[in-house]
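What follows is a short report on a single structure.
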Amino acid sequence: MDELFGLSRFLLTLLIFVPIERLFAARPQKFFRRGLLTDMAFQFLNGWLIILGVIAIVTMAIVVNQSILPSVVKQAIDGLPYLVQVVLVILIGDFGVYWTHRILHAVPAMWHIHAVHHAVEELDWLAAVHQHPLDVVFMKAGSLFPLFALGFSSEAIGTYILVYYWQAYLVHANVRLNYGPLRYFLVSPEFHHWHHSSEMEARDKNFAGMFSFYDLLFGSVYLPKGQKPKTFGVDHPMPSGYLALLAHPFLEWKSRQRRGDPSGRTGNTGSPSI
Ligand SMILES: [Zn+2]
Ligand SMILES: [Zn+2]
């Protein structure tokens, strides 16, 4: 039962990040902050909804692998050593995360799903789980589908999933950590905190999950030296309860349909970014 809810893994994550945030806090913030109970609901209830989407994504990817992928590609990937596979898997997976994330910001209908993640105003490690289940499923489709379709080993993909798990909590954590000369190579908490900033210049920037060089490469990086974001969140009202947040995109889609407005985004920027 414990494993079903991921309780022991959650307790380990809590035992690591709560002391780190006390010791190296970027901003003064209490553990019992606003929205903590909602985030607990996301932590323990979202998985049941996400798992169905992940099963569908992996099944479709395996069908593609077995029916479309040329056998020469399969053999080439099969012959790669584990460590080379892990590096390729993380590079390809994060390329998928970058573009899926950018689309979630740029397409008005998708933004209503992703706005749930950006509704957090007091950022800390647990904000990592404050995501609509459809948002997680889209991100997994962008990252896991190509990996399973290309036929990388389950060990290499499993390593990526584990690294991504810890990276997601770390980049949201309320810690002062900027990675110095590696800041344009790896995604740091400083880098992702700017992604959550509600300040105008920082909006729709820093989409990568692991490698900040993707943002550098595709012209979406924002990392001013010696500065910190002052405020987080979005500039339009968002609900605060778990069920209300789950219903949020559906209600937005319905109200836009009623207004006969297929494209108007009431999002972070007020207009699509790309
Ligand atoms: Zn985002
Ligand atoms: Zn985030």
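The values are calculated or read from the model by the stated rules, or taken from the named source; none is laboratory data. The model shown is predicted, which means the values in this text are computed figures rather than measured ones. A quick note on method: Cβ atoms are made from the backbone with ideal geometry, for glycine too, and the neighbour counts reach across all protein chains shown.
Within the range 190-222, the set of residues being assigned to a helix (DSSP H, G or I) and either more than 12 Å from ligand 2 (Cβ to nearest atom) or at pLDDT below 95 (or both) comprises Glu190, Met200, Glu201, Ala202, Phe213, Tyr214, Asp215, Leu216, Leu217. Residues being closer than 30 Å to Gly241 by Cβ, exposed (fewer than 14 other Cβ atoms within 10 Å of the Cβ) and touching a residue at least 12 places away in the same chain (Cβ under 8 Å): count how many of those fall in the range 45-66. Number satisfying all stated conditions: 0. Residues that are within 11 Å of ligand 1 (Cβ to nearest atom), of a type outside the set (Gly, Ala, Ser) and in contact (Cβ under 8 Å) with a residue 40 or more places away in the chain within the range 100-116 comprise Thr100, His101, Arg102, His105, Trp111, Ile113, Val116, listed in sequence order.
Hey, can you tell me all the residues within the range 170-187 that are part of a helix (DSSP H, G or I) and within 16 Å of ligand 1 (Cβ to nearest atom)?
Hits for the range 170-187 are Val171, His172.
Within the range 219-252, the residues that satisfy the criterion of being loosely packed, with under 15 Cβ neighbours inside 10 Å and either among the hydrophobic types (A, V, I, L, M, F, W, C) or in contact with a strand residue (DSSP E or B) (Cβ under 8 Å, 6 or more places away or on another chain) (or both) are Lys230, Thr231, Leu243, Ala244, Ala247, Phe250, Leu251.
List the pairs whose first member sits in the range 191-220 and is within 26 Å of His236 (Cα to Cα) and away from ligand 1 (no atom under 14 Å from the Cβ), whose second member is among the β-branched types (Val, Ile, Thr) and at pLDDT below 95, and whose Cβ atoms are under 9 Å apart, counting only residues at least 6 apart or on separate chains? Matching pairs, first to second residue: Glu199/Thr231; Met200/Thr269.
Among the listed residues Ala119, Ala149, which satisfies the condition of being over 27 Å from Ile62 (Cβ atoms) and in contact (Cβ under 8 Å) with a residue 60 or more places away in the chain?
Numbers: Ala149 fails: over 27 Å from Ile62 (Cβ atoms).
Answer to the check: Ala119.
If only one of Asp124, Asp135 is within 13 Å of ligand 2 (Cβ to nearest atom), out of contact with any Gly (no Cβ under 7 Å at 6 or more places or on another chain) and in contact (Cβ under 8 Å) with a residue 40 or more places away in the chain, which one is it? I'd like the intermediate steps shown before the answer.
On the way: Asp135 fails: in contact (Cβ under 8 Å) with a residue 40 or more places away in the chain.
Selected residue: Asp124, the only one of Asp124, Asp135 that is within 13 Å of ligand 2 (Cβ to nearest atom), out of contact with any Gly (no Cβ under 7 Å at 6 or more places or on another chain) and in contact (Cβ under 8 Å) with a residue 40 or more places away in the chain.
Among the conditions (1) within 15 Å of the chain's Cα centre (by Cα); (2) within 15 Å of ligand 1 (Cβ to nearest atom), Trp125 misses just one, which is (2).
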